[in-house]
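J.: Attaching a single structure in C-alpha cells format; questions to follow.
The values are calculated or read from the model by the stated rules, or taken from the named source; none is laboratory data. These figures come from a predicted structure and were not determined experimentally. A quick note on method: Cβ atoms are made from the backbone with ideal geometry, for glycine too, and the neighbour counts reach across all protein chains shown.
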Amino acid sequence: MITVGLTGGIGSGKTTVAGMFEDLGVPVYNSDKQAKELMNTSQEVVSAIKKLLGDEAYYRDKIDRGYIAEKVFNDDGLLGELNAIVHPAVRQHFIEWRANQNFSYVIQESALIFEIGSQDFYDKIILVTAPENVRIARVLHRDTQTSEKDVKARIDNQLSDNKKMISSHFVIENLDLKITKVKVMEIHHQLLRGYQ
C-alpha cells in the first residue's frame, strides 16, 4: 500500500481535492479533524495539554480552542510543545487507521508536512497550490470573522509553495475545479499503476 501525503497552504483547497479522491473510493485521513478529535478523546493527549497549558485549556470536558489559540499564537516555543504532544498522537492514530484500509493507496491530508519535517514518512506527496490573492479571498469567504491581515499572517507563517514544490511528487494548481478534477484523475491512475 502506497502512503500519500496531501498538503497545501491555507485557502489552497486541499480539502476540496481530498474530497475528489474520496469520491474515487480512496481512503482519506483528515489530520486536522483527527487532531481535534484526539485533543478531546485521548486521555494521554488531554492530560499532557492540561499539564502544558493548565486545566483552563478545557471547558466542560471539551478543548477550549480560543484559550489555546490565545496562549500559543505569539509563543513559538509553546506552540512547538503543543505540536510535540498532538503530532505524534495523530501519526500513531493514522498508522493504526492505515492498517485497516484495503486499497492500493491511502491519503493523509495534512496542512503541515514540510513544516514539521515529516515528508520522508510518505511514498508520494501531492501539493495543492493557488495564487495568494485567491487563497485570501477563499478564507475570507468561508470565515467572515477573520481579517485579510490575519490570513496574510497565517500564509507568511507557512512554508512557501516554491519550497514545498521541490520535495513534492505532484502539484495541483487549484483554480478551475474542472481542471483540478482532471489532474486528480491523472494522479489517481499514476498511483494505481505505481502500485502494480
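J.: Just to be sure I understand, how many residues within segment 17-38 are closer than 28 Å to residue 156 by Cα, modelled with pLDDT of 95 or more and surrounded by fewer than 16 Cβ atoms within 10 Å (Cβ to Cβ)?
T.: Number of matching residues: 1.
J.: Among 17, 4, 45, which is the only one that is in the same structural domain as residue 175 (by TED's automatic domain parsing), part of a helix (DSSP H, G or I) and of a type outside the set (Asp, Glu)?
T.: Values: 4 fails: part of a helix (DSSP H, G or I); 45 fails: in the same structural domain as residue 175 (by TED's automatic domain parsing).
Unique residue meeting the criteria: 17.
Every residue, every condition in (1) under 16 Å from residue 17 (Cα atoms); (2) of a type in the set (Lys, Arg); (3) in contact with a strand residue (DSSP E or B) (Cβ under 7 Å, 6 or more places away or on another chain), yes or no:
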residue	(1), (2), (3)
123	no, no, yes
158	no, no, no
163	no, yes, no
171	yes, no, yes
187	yes, no, yes
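J.: Which condition number in (1) surrounded by 19 or more Cβ atoms within 10 Å (Cβ to Cβ); (2) of a type in the set (Gly, Ala, Ser); (3) within 13 Å of the chain's Cα centre (by Cα) is the one that residue 118 fails?
T.: Of the numbered conditions (1) surrounded by 19 or more Cβ atoms within 10 Å (Cβ to Cβ); (2) of a type in the set (Gly, Ala, Ser); (3) within 13 Å of the chain's Cα centre (by Cα), the odd one out for residue 118 is (1).
J.: I would also like to ask the following. Can you tell me which residues in segment 47-82 are aromatic (Phe, Trp, Tyr) and surrounded by 12 or more Cβ atoms within 10 Å (Cβ to Cβ)?
T.: Applying the first criterion (aromatic (Phe, Trp, Tyr)) to segment 47-82 yields 58-59, 67, 73.
Passing the criteria: 58, 59, 67.
J.: Exactly one condition in (1) modelled with pLDDT under 90; (2) assigned by TED's automatic domain parsing to the domain that holds residue 51 is not met by residue 111; state its number.
T.: Single failed check for residue 111: (2).
J.: Would you point out the residue of segment 138-150, among those that are in a helix (DSSP H, G or I) and either free of Cβ contacts under 8 Å to residues at least 40 places away in the same chain or in the same structural domain as residue 69 (by TED's automatic domain parsing) (or both), that is farthest from residue 70 (Cα to Cα)? Please lay out each step first, then the result.
T.: Filtering segment 138-150 down to residues in a helix (DSSP H, G or I) leaves 138-142, 148-150.
Imposing the further condition that a residue be either free of Cβ contacts under 8 Å to residues at least 40 places away in the same chain or in the same structural domain as residue 69 (by TED's automatic domain parsing) (or both) reduces the set to 140-142, 148-150.
Working: 140: 20, 141: 23, 142: 21, 148: 19, 149: 17, 150: 14 Å.
If we take residues in segment 138-150 being in a helix (DSSP H, G or I) and either free of Cβ contacts under 8 Å to residues at least 40 places away in the same chain or in the same structural domain as residue 69 (by TED's automatic domain parsing) (or both), then 141 is farthest from residue 70 (Cα to Cα).
J.: Does any residue of segment 112-134 turn out to be in contact with a Phe, Trp or Tyr (Cβ under 8 Å, 6 or more places away or on another chain) and under 24 Å from residue 84 (Cβ atoms)?
T.: yes
J.: Scan 85, 113, 107, 126 and give me the residue that is more than 14 Å from the chain's Cα centre (by Cα) and either exposed (fewer than 12 other Cβ atoms within 10 Å of the Cβ) or β-branched (Val, Ile, Thr) (or both). Don't jump to the end; show me each part of the working.
T.: Working: 113 fails: more than 14 Å from the chain's Cα centre (by Cα); 107 fails: more than 14 Å from the chain's Cα centre (by Cα); 126 fails: more than 14 Å from the chain's Cα centre (by Cα).
Only one candidate passes the filter, namely 85.
J.: So which pairs qualify, if the first residue must be in segment 50-70 and in the same structural domain as residue 82 (by TED's automatic domain parsing), the second must be among the aliphatic types (A, V, I, L, M) and in a strand (DSSP E or B), the Cβ gap must be under 8 Å, and the two must be at least 6 apart or on different chains?
T.: Qualifying pairs under 8 Å: 57/63.
J.: Can you spot a residue in segment 104-116 that is in a helix (DSSP H, G or I) and either touching a helix residue (DSSP H, G or I) at 6+ places or on another chain (Cβ under 9 Å) or not acidic (Asp, Glu) (or both)? Before you say what the answer is, go through the steps one by one.
T.: The first filter runs over segment 104-116 and keeps only residues in a helix (DSSP H, G or I), leaving none.
Within segment 104-116, not a single residue is in a helix (DSSP H, G or I) and either touching a helix residue (DSSP H, G or I) at 6+ places or on another chain (Cβ under 9 Å) or not acidic (Asp, Glu) (or both).
J.: What residue, among those in segment 164-187 that are assigned to a helix (DSSP H, G or I) and modelled with pLDDT under 95, is nearest to residue 119 (Cα to Cα)?
T.: Step one: of segment 164-187, the residues assigned to a helix (DSSP H, G or I) are 164-166, 177-187.
Narrowing further to those that are modelled with pLDDT under 95: 164-166, 177.
On the way: 164: 10, 165: 12, 166: 11, 177: 27 Å.
Only one residue tops the list, namely 164.
J.: Now for a different question. Residue 71 versus (1) basic (Lys, Arg); (2) within 24 Å of residue 160 (Cα to Cα); (3) in contact with a helix residue (DSSP H, G or I) (Cβ under 6 Å, 6 or more places away or on another chain): which is the lone unmet condition?
T.: Status for residue 71: all satisfied but (2).
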